[in-house]
Each structure stands twice: as structure tokens, then as C-alpha cells.
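Remarks on the structure that follows.
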């Protein structure tokens, strides 16, 4: 009598188990390796930490949702992270290990141009997709249509796009003539042309007042701007000197409608040398949305998620997280669309033709002059001592 | 008054003074003559403290002053009026004289001294407020001498006080030097190239050649051609004349 | 017209700072013939001492006193420890001062990092005098500079010590023969020169941000001003300083941007070619 019961139980269990077994046999799983080569220590640690966090948070989110399904297989991502210690030699060595030893096909970073322009030598022959915000890729022609490095993906918006944001803010305040005040050097020269182009397109006259690089007394230059009767002043860099030029403008009573700058700390406009907030509006442009002063609910929610995920991402470079976060998600999407996790050339083609809707708005590679992304920019306004953030929508459709 | 014994001075490898022995009394005017490069100025400069002796000693009235700083030498009562006048060109005549009295503190006394010298040399008195570089050579020399006297020395050394001056001025300076010695009791040691001047002003001469004193004697010794030729290497215009 | 006056006024304010720094240079170089190139770094240290003191006490007055005092001590240490051994070889002194630049700048970066620092200015804001704007800062620049220059002039011309300094500058051997303690006088000028650099540093701090590299610009201009004014000539330094400031301001206001330094130093070169000892009457320098 007992034998019969056991047999029935065994058949019942087998009957239940069989369908599950066949289901598992049908759904295959896999792992795709992602490499991070960033400055997690050394001089550029404030750049590397947020950029790395962007990849890690995106991967966690993808994996938590079950991974990405590509051609019948569900893949999860596995990160190999390397600290290049802000050194060029270490960045090249790390890239060698990731690409040639670990055979990783998708790498993020280094974000710093000096390092990326060397490490790129490793990724190009290996046909690895390499994301980075490095400005040397833009200025060095690596992202030009004619370049052979077709799998380098720039994640920082082109200078021309930032200039559009700059001029857009100027136009908002009705500026007709703007003085662009900056040190006389290469960085400035690279930014002058797109600024002038954007200004012309908006019907604003731009004059350029370049000063000797080590200036800290802006009296003469600001007086000159006043003499030219400008109604807006734009300050490119060095960011740390912004309070000095602001003091000169205020004390010399230059009558401007607005003061704008690149990636300036809005506190400069709240706590000023004269002890009061500025008597004119102030704005600061960012090449991504701002984490500290989110311009919309989506970015605000993301900022909270980010802080919970990695409390180390703080400070004025926290927004560098956008140089990688949405791009990791975009990469996963591109793999899905391309139907492969191996064929990097196919994935690359998809990346450059798709539009991805991320936290940083609509992201796409629509710049005909170079393979660098368009994404939302950030604008931080300070009016009467009150700080307000806004996003500037990307040009993707 | 002044006793120099076995004095040696080196400038790097140059052995400028090779054992100088010289004595000067307070009641005489001693003139040091010799060919160029003999080391006459070096002797004065070393006594005054501008150079440090490598060997030997200098005594001023029993006090050892060899190796002292110039400041302490002046305070000990010996002042040098250097070659070439060396007035402070950017200062007035009065300021120059005041500098001469730098080691003294009694302002009233200093002003008094200047007043007395101004009476004595009226053309200097008339130019007290003028920049020293605007005075004529002769006037500058007189100022230089007065400047030296402002420190109230008991012994005064002068390096070529007659150089570049007109004969009538030279004569006058000679008279003043003898007066300082006879009437004010200041011991005088001079270095001179001008033999005529040395003859009129000195009580005794010392010949310095190749870093040593080779002869001392009365002034008339300078009129002895053989003696001079012996000690001066090659004739000089002065010896031919004398 | 008012624009031109504004530029000129900016220039006078700028030049006053150059004159202040040049006074210390002209005295030290005029006397000892040592090209004390580290004077720019002394200004930098003065600025940081003033900044740290202000941070600790909240007072700029204490900061000024501290900057002068600390730099005076540094001046004495460098003179006793280093420069007095180089008096017979001014070239050695020059090379030593170059080394000092590296050391002092390195110390600056080590202690305070390369990031700019800033203090709340003691006088912010400006006065509007019928269209011509006087930044209140100008009062500090011109006021402090004028005070220092007048004090230096008074000391040099009227005091016994000042006369001794002038005598040593004219002819150190002759001065020694008068009983002037020449080495001591030179030491005191180093100390005073350093203290003046400290005061200059304080003024630089009140003008804006400071970094360990702030000394370089003032070094070049300070020396140019001292040379043009005639070494050892305080009035010359004052006039040349203001002149340079105005020239620089006008170049910035009207010339091609970025060419300012070229214009200013071009003028300096031309003047020195024409009058190598400077426009004013300078001293021949001390040789010991």
C-alpha cells in the first residue's frame, strides 16, 4: 500500500517539475562585461567618481529589472572597474588590461582628455565601444566623420551646443551686445568661434575682451566693456576668479542686464564681495542638467536616487554623472535593437542613429560635424539672491 | 702714536703687503711715498679697517686696532680721508660733513664744528646747502678733509690729498695740514705722489716699495737721486725733476 | 573723455601697488646690488599671512600688522642666513634668490594649495563723482602706497639712519670710513624691504583673489618700475609705478586684447635703452 502512495507522489512531483525544467531550458542567460577606466584617486578624482557612479547605478538598475533581453538571451551586466589614479601611464595600462586581457568590449572613460587621448590608442584596434566626455576627442578630430575611430562615442555636448545655451540665456534678458571676457589662451580661442556663431544667429553683437592669463584685477577690462556700451557680460573661465570680476562690475557700476558664465558656482552671486547679492541677474550654464539645482522633477528624483546609491558623488562635479548614466542605459537599448552583444560595429551604428529618452532628456548623436551626443543642458539662475535651476532641452527630435 | 709691525695683507693670491714696519709720532707729519702698486693705499686702508691683515699688528696709542671694523677704528680716534675725495654726491655739503660726525651724538657740537669750519673756509661755508657733486675739485678736497676732521680724530690719515688740484690750492692745503699738526696736535700720516708737496709738508718720509718699507728718513732724502732710483723701479717724472 | 579718465584712475590705483612693491626693491637692490628676485614670493607670503590672520581674527588691521611683522622676520632670516654671504658676489645672491623663488612658491602650494583664496575686502563699494567712479579700494591702494612712500622719503632724507642708508648706497667704503656700520645698514634694509613686501601683499589681498602664483606678475613689474625710477630713488619708484599702472590700464582699455603685457614691457625696454640707469637719479650701488 505505501509503495503506491510514494509512486503517485513521485509522478505528481515529476509532473510539476517537468514544465519548469523545459521553461528553464528554453530561457538562456548571459553576462556582458562592462569596463570602467576612471580617476578614482589623484588630481582628477572629483571628475572620475561621478562618471564611474553613473555607469554603476545604471547597471544596477538594469540588472535589478532582470537584465536586457537580446535575441532570446537575457543578459546581465558585470562591471570591471579600474582606478587609473589620474595618471596617463596608468590609464593606458588599465585600458590594456580591460580590453586585451579581460576582453571587454564596452568601456566608459577616462573622462579627462589628457588620459583619454592616450588610452584611445588601445581601444581603437580592438574595436571596442568607448564612451567618454573627453574634450580632446572633440578638439583632436577623433570624433570627426572622417576619423577611423568610429567606435569612440563622445558624451559631452559640442561646444557649439553650449554656446547656444549661453546665448539663449542672454537673449532671454534682451541683451543686444555682449562682452566675452576671458584669458588670452587656447581654451578661450576654442570657445570664441561657436560663441560668435551662436550670437550672430540670435542677432546679438559679441565683442571679445581677452586679458593676460594671470590677471586678477579686472577693472580695466570691465571699464572697457562699459565703454563699449554692452548690456551683457559673459565670463568663460577661470571659474574661481568669478567673484573678482563680479566685484569689479558692481563697484564700477557697469550697467548690464545680465551676467553669465560657464559652470560657475551660483553662491558667487549670493555671497558677494560687496556683502549684498548682485544687483543684476546671474546665470551659469552647464553641459548637463544640474544635480544640485535640478531643473525638473525627473532630474530631482534621479538626484535622490544617486545620493542614496553613492554618497561620495557630491560637489560641483556631481553633474558629471550624466557623462555616463544615460549612455549606459542607451547602450543596453542599442544592444537590444541591434540584436547582438558581440558585434560592436552594428551596435555602434544603432547608437549613432537612435534617440534615447533619459534623465538628461532626449539623447542622440545628431551633430553632423562630430560624433558627440546632444543632451539636455543646465541653467542655474540667481535673481535677488535666489537660486533656481532649469534644464535646456537638447536638440534631438 | 701709530705702530705698524710686520703687517701682511693678501688679496686672494696677491701678496700686497709683505711685512710692513712703520712708526709715526703724534708731533710729526709722516709722508709715505713709493712707486705705483707699492701698496701705499693698502697700508692706509688696512689701518683704517677696510682690509683685514693676514699677519702682523697695528697699534694706536697702545690699543691694538689691527682687524677692527672701520667704525671701531674711527671710535678709537683714527680717521682716513680716502683717495679721490669720495664725497657722497647725492648729499649736500652740510650732510656730508654731518656724515663725517656719524660716530658722534652731540648735535649742537656738530653744528658748532660746521660753523667753525665754515668761518675758516668761507667758500665752503657759502656752499653748505649745495649738492657736493657741484663743487669744484679743490673745494671737494677741502670738504673731504673737513669731513674727516668732523669725527674729531687724534690721528688723521690722508690718501693723496693733492691729486688733481691747482698748485695754489695744493699750497693752501699744505699749510692747513701743518697747522693741524702743530696747533691742533693731530698726528698726520699722508700718502703722496707729488714730491714737491711732500717735501713742503712732511717732517719725515717713508718709502714703500713692493709691499715693504724700505727706507725712512728726513724729507731731504727725497732729493737724493741715487736713493730714489734705488728704491723706485724705473724713473718717474717727479724724480727726474727733483 | 570720462572713459579715458576712468581708465587713468584705474591705472593710478593699479600703479600705486606697483610703486609700493618697487620701493622695497629699489632700496634693497640700490644698496646691495643683489637682484632679490624672490621679492615676488615675499609679496605672495605677505598676502597669505594677511589672509590667515584675517581668517583667524576677522580684522584686516591685524592682518596688515602681521604681514609686515612676519615678513620682516623672514627678511632678517634670509639676510642673516643667506644673503649676507653673497654681498661680495651679487651674482651669487641673484642665483640664490632664484632658488628661493622655487622654495617659497613650493611652500605656498604645499600649505595653501593652488586654488585661489579670497578675503572680504575691508572697503567695498564705490563713490560716484559726477560720472567718474572711485572704487573705495582705490583709497586703500593709493592711501597705503602714499603713506609708505612718504614715510620712506622722510626716513631717508631726515633721519640719521636714512642718511646712513643713502651714504652706503652712494659709496659703502667711504661710509664705512665715517663709522657707518655698513653690514648692519644692509641687513636693516633687507628687513625693511621684506616688511614692505609684506605690506604690498596685504594690499594685493584686499584687491582680489590670491594664489601661490600671484608673486610673478608683481615681481616683473616691481623690478621694471624700480629700474625706470632709478635704483635707490624712492620718488622715481613712485612716479614710474604710477606711470606703469596708467600705461597698462590704457593698453587694456584701448589696445588689442592680450597685448597689454607687450605694450607695457615694450615701453620699459625702450626707456631703459635710452636711459639705462633709469629716468630718475639712482645710486651707483654698494660694492663691498
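Here are the numbers for this structure:
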{"item": "Filter pass, residue C:210 being touching a strand residue (DSSP E or B) at 6+ places or on another chain (Cβ under 6 Å) and more than 14 Å from residue C:22 (Cβ to Cβ)", "result": "yes"}
{"item": "Some residue of region A:186-195 being over 23 Å from the mean Cα position of the chain (by Cα) and more than 9 Å from every other protein chain (Cβ to nearest Cβ)", "result": "no"}
{"item": "Candidates A:86, A:69 - the one that is surrounded by fewer than 17 Cβ atoms within 10 Å (Cβ to Cβ), more than 22 Å from residue A:103 (Cβ to Cβ) and at pLDDT below 95", "result": "A:69"}
{"item": "Residue satisfying all of: in region C:16-40; part of a helix (DSSP H, G or I) and more than 11 Å from the chain's Cα centre (by Cα); surrounded by the fewest Cβ atoms within 10 Å (Cβ to Cβ) among these", "result": "C:29"}
{"item": "Scope region C:227-257; condition more than 22 Å from residue C:193 (Cβ to Cβ) and at pLDDT below 85; matching residues", "result": "C:255, C:256, C:257"}
{"item": "Residue check for residue B:36: away from chain C (no Cβ under 14 Å), touching a helix residue (DSSP H, G or I) at 6+ places or on another chain (Cβ under 8 Å), loosely packed, with under 15 Cβ neighbours inside 10 Å and in a loop (DSSP other than H, G, I, E, B)", "result": "no"}
{"item": "Every residue from region C:30-85 that is within 18 Å of residue C:102 (Cβ to Cβ) and in contact with a strand residue (DSSP E or B) (Cβ under 8 Å, 6 or more places away or on another chain)", "result": "C:44, C:48"}
{"item": "Number of the exception - residue B:126 against (1) within 21 Å of residue B:32 (Cβ to Cβ); (2) at pLDDT 85 or above", "result": "(1)"}
{"item": "Residue C:57 being under 19 Å from residue C:119 (Cα atoms) and either modelled with pLDDT of 90 or more or crowded, with 24+ Cβ neighbours inside 10 Å (or both)", "result": "yes"}
{"item": "Residue in region B:72-89 that is over 24 Å from residue B:6 (Cβ atoms), part of a strand (DSSP E or B), in contact (Cβ under 8 Å) with a residue 60 or more places away in the chain and within 14 Å of chain C (Cβ to nearest Cβ) present", "result": "yes"}
{"item": "Subset tally (residues that are touching a strand residue (DSSP E or B) at 6+ places or on another chain (Cβ under 8 Å), surrounded by 22 or more Cβ atoms within 10 Å (Cβ to Cβ) and in a loop (DSSP other than H, G, I, E, B)) for region A:216-235", "result": "2"}
{"item": "Filter result for residue A:346 (closer than 14 Å to residue A:61 by Cα and either in a helix (DSSP H, G or I) or in the same structural domain as residue A:108 (by TED's automatic domain parsing) (or both))", "result": "no"}
{"item": "Enumeration of residues in region C:246-261 that are within 10 Å of another protein chain (Cβ to nearest Cβ) and under 21 Å from the mean Cα position of the chain (by Cα)", "result": "C:248, C:249, C:260, C:261"}
{"item": "Residue satisfying condition, being within 8 Å of chain C (Cβ to nearest Cβ) and either outside any strand (DSSP E or B) or buried (at least 17 other Cβ atoms within 10 Å of the Cβ) (or both), within set A:259, A:208, A:280, A:268", "result": "A:208"}
{"item": "Matching residues, region B:129-156, being within 13 Å of another protein chain (Cβ to nearest Cβ), over 24 Å from residue B:25 (Cα atoms) and surrounded by 18 or more Cβ atoms within 10 Å (Cβ to Cβ)", "result": "B:132, B:140, B:143"}
{"item": "Helices (runs of 4 or more DSSP H) enclosed by region C:120-214 - at least 3 residues per element that are within 25 Å of residue A:272 (Cα to Cα) and away from chain B (no Cβ under 14 Å)", "result": "C:136-158, C:182-207"}
{"item": "Residue that is surrounded by fewer than 19 Cβ atoms within 10 Å (Cβ to Cβ), at pLDDT below 95 and under 22 Å from the mean Cα position of the chain (by Cα), where the choices are A:145, A:213", "result": "A:145"}
{"item": "Matching option when the condition is over 30 Å from residue B:40 (Cα atoms) and within 14 Å of chain C (Cβ to nearest Cβ), among B:106, B:112, B:159", "result": "B:106"}
{"item": "Region B:177-198, residues that are at pLDDT 85 or above, crowded, with 17+ Cβ neighbours inside 10 Å and more than 11 Å from the chain's Cα centre (by Cα)", "result": "B:180, B:181, B:186, B:197, B:198"}
{"item": "Scan of region A:371-397 for residues that are part of a loop (DSSP other than H, G, I, E, B) and buried (at least 19 other Cβ atoms within 10 Å of the Cβ), ordered by number", "result": "A:371, A:373, A:375, A:376, A:394"}
{"item": "In region C:41-54, residue surrounded by the fewest Cβ atoms within 10 Å (Cβ to Cβ) [restricted to those that are closer than 23 Å to residue C:79 by Cα and within 14 Å of chain A (Cβ to nearest Cβ)]", "result": "C:44"}
{"item": "Failed item in (1) over 30 Å from residue B:22 (Cα atoms); (2) in contact (Cβ under 8 Å) with a residue 60 or more places away in the chain, with residue B:144 passing the rest", "result": "(1)"}
{"item": "Hits in region B:43-71 - residues which are within 13 Å of another protein chain (Cβ to nearest Cβ) and part of a helix (DSSP H, G or I)", "result": "B:44, B:45, B:46, B:47, B:48, B:70, B:71"}
{"item": "Matching residues, region C:216-243, being within 14 Å of another protein chain (Cβ to nearest Cβ), over 24 Å from residue C:101 (Cα atoms) and crowded, with 24+ Cβ neighbours inside 10 Å", "result": "C:233, C:234, C:236"}
{"item": "Tally, over region A:136-162, of residues that are more than 21 Å from residue A:347 (Cβ to Cβ) and in contact with a strand residue (DSSP E or B) (Cβ under 9 Å, 6 or more places away or on another chain)", "result": "5"}
{"item": "Qualifying position, being closer than 30 Å to residue A:262 by Cβ and not assigned by TED's automatic domain parsing to the domain that holds residue A:344, among A:168, A:109, A:141", "result": "A:168"}
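The values are calculated or read from the model by the stated rules, or taken from the named source; none is laboratory data. Keep in mind that this is a model prediction, so the values were computed, not measured. Using ideal geometry, Cβ is built from the backbone for each residue, glycine included, and neighbour counts are taken over all protein chains shown.
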